[in-house]
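The structure under discussion appears below in the form of structure tokens.
The values are calculated or read from the model by the stated rules, or taken from the named source; none is laboratory data. Model, not experiment: these values are computed from the prediction. Cβ coordinates were reconstructed from backbone atoms using ideal geometry, including for glycine residues, and neighbour counts include every protein chain displayed. Ligands, DNA and RNA are stripped out before the accessible areas are found, and what is left, the full protein with its side chains, is counted by its heavy atoms. Shrake-Rupley method; radii C 1.70, N 1.55, O 1.52, S 1.80 Å.
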Amino acid sequence: MDYPIPAFKITLDGLDITAKFAPRLVSLDLTECRSDSADELNITLSDTDGQLALPSKGARINVQIGWQASGLVDKGVFTVDEIEHSGTPDVLTLRARTASLIDTFRQPVERSFHDTTLGAVIEVIAFQQELKAGIAEALRGVKIAHLDQTRESDAAFLRRLGKKYDAAATVKNDTLLFMPAGRSKTASGRDLPVIQITRNLGDRHRYHSAERDSYSGVRVFWHDDRHGLRRSVVAGAPGNSKRLRTTYANEADARTAAVAEWQRIQRGAATLELSLAIGDPALIPQSPVEVVGFKTDIDNQDWLTAKVRHSLSDAGLTTSIELETRTEEAEVEREDQADPDPGITGVVAKWRDKVSKKQGEQLAGSRSHPKTLPHIYTSKQSAVRSAKLEWVKIQERREIIAENREGE
């Protein structure tokens, strides 16, 4: 069997040094992240003859990796920030990162934004960091009434915005990207191609799913100045909803926070780690992935790449990826302020079995003032379930209304 031959190209400060590096290369490890964490590049070179010169910190490295038969994939530009020489045998290790860890991102900044958009805010940060801006169209036009950056670094500020809008901020090829964390699109709005991975391409996998203490949705409170009330919205479904501690100044901010937190919870419901014996350099964070040949529940899941690690050495080119569940846009509903079922003490559901001709009714709660469901159920079991579910919903609504009034 003919195995594919890995290939790479390395440019240092604009000079192609691939031919010099190739016979000395011990390993090349590239980690690509979705969030504000920097992409990291580690290159280890043999220096047994002592002829390697130490590059200066701040040097810029462009890396391309792939296969001789299919070509190279450009992985962007990295800035050298660590140099290490060790032995014996003597080796030189270069560690480089994307621009998100440049010192200026960590300097405290004091400024305010008023009556603007999220896209404009990201463009201001990018301009001051001497970067281009790449903002997803879905986020560019989001209205911002007022936003303060008080003694806060741009890195911390971007993390805060990312959490609020469920977005990932990162720097690729001198471009500050701000993209929805659960979407598989480029900054221009184009869909990223779905990458299929069959089990025979990998040599190790780990799937994890946890249902215990799982939330049904996220509830967020906001203050209605017009009526002097505290109100709430819920993303997902009521029931076992996670409650955020912050009470927001308006409904729009509350809805944004509810959607962001609910989508984060959903993405973490299941994870899948894969190690590919034959690496795929086309895999990047946010790549939608379809897996084949695992358990049915794993194959049927929509996966999204969260982190990628490419390794090039004498063993070939391998890729390790961390996947999480892909989410769709969450629905947000404003919750009731007044009890839609005042005085109701229970729920009655009637049933009639067409075969046995038996009929009856089932009660959840108290019979003193019950609400009767209009539907006639075909079995006693379905009537019991429906009455119980409706009574639980009534109680949940009352709890929320009471909780809202506590904040008035």
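Tabulated data for the structure shown
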item	result
Exclusive hit being modelled with pLDDT under 85, open to solvent by less than 10 Å² (accessible area, probe 1.4 Å) and closer than 22 Å to Leu139 by Cβ, set Ala260, Ala270	Ala260
Test set (1) open to solvent by 60 Å² or more (accessible area, probe 1.4 Å); (2) in a loop (DSSP other than H, G, I, E, B); (3) at pLDDT 75 or above - Pro285 fails condition number	(1)
Members of the stretch 344-365 found to be part of a loop (DSSP other than H, G, I, E, B) and either within 14 Å of Leu389 (Cβ to Cβ) or open to solvent by less than 50 Å² (accessible area, probe 1.4 Å) (or both), listed by number	Ile344, Thr345, Asp353
Only one of Ser232, Ser275 that is within 30 Å of Ser70 (Cα to Cα) and over 20 Å from the mean Cα position of the chain (by Cα)	Ser275
Filter result for Gly58 (farther than 28 Å from Val171 by Cβ, modelled with pLDDT under 90, open to solvent by 20 Å² or more (accessible area, probe 1.4 Å) and not in a strand (DSSP E or B))	no
Residue that is surrounded by the fewest Cβ atoms within 10 Å (Cβ to Cβ) [pool: residues in the stretch 79-95 that are within 19 Å of Ser311 (Cβ to Cβ) and touching a Ser or Thr at 6+ places or on another chain (Cβ under 6 Å)]	Glu84
Total residues in the stretch 208-228, condition within 15 Å of Gln266 (Cα to Cα), open to solvent by 20 Å² or more (accessible area, probe 1.4 Å) and at pLDDT 75 or above	4
Checking Val63 against (1) hydrophobic (A, V, I, L, M, F, W, C); (2) under 20 Å from Ile284 (Cα atoms); (3) in a loop (DSSP other than H, G, I, E, B), the condition it does not meet	(3)
Pair list, Cβ under 8 Å, 6 or more apart: the stretch 237-254 residue under 9 Å from Tyr215 (Cβ atoms), other residue at pLDDT 80 or above and open to solvent by 50 Å² or more (accessible area, probe 1.4 Å)	Gly239/Val392
Qualifying residue in the stretch 374-384 (condition: surrounded by 15 or more Cβ atoms within 10 Å (Cβ to Cβ) and within 25 Å of Ser241 (Cα to Cα))	yes
Residues within the stretch 318-343 that are modelled with pLDDT of 80 or more, part of a strand (DSSP E or B) and not β-branched (Val, Ile, Thr), tallied	4
So Ala7, is it farther than 20 Å from Thr93 by Cβ, assigned to a strand (DSSP E or B) and in contact (Cβ under 8 Å) with a residue 12 or more places away in the chain	yes
Inter-residue pairs, beta-carbon under 6 Å, first small (Gly, Ala, Ser) and in the stretch 274-289, second at pLDDT 85 or above and surrounded by 21 or more Cβ atoms within 10 Å (Cβ to Cβ), 6+ apart	Gly279/His310; Gly279/Leu317; Gly279/Thr319; Ser287/Thr305
Check on Ala53, open to solvent by less than 20 Å² (accessible area, probe 1.4 Å) and among the aliphatic types (A, V, I, L, M)	no
Boolean, Gln68 is closer than 27 Å to Pro4 by Cα, surrounded by fewer than 18 Cβ atoms within 10 Å (Cβ to Cβ) and either of a type in the set (Gly, Ala, Ser) or at pLDDT below 90 (or both)	yes
Count of the stretch 288-317 residues which are within 18 Å of Pro4 (Cβ to Cβ) and either assigned to a strand (DSSP E or B) or among the polar types (S, T, N, Q) (or both)	6
Yes/no for Arg231 being open to solvent by 60 Å² or more (accessible area, probe 1.4 Å) and either out of contact with any His (no Cβ under 7 Å at 6 or more places or on another chain) or assigned to a loop (DSSP other than H, G, I, E, B) (or both)	no
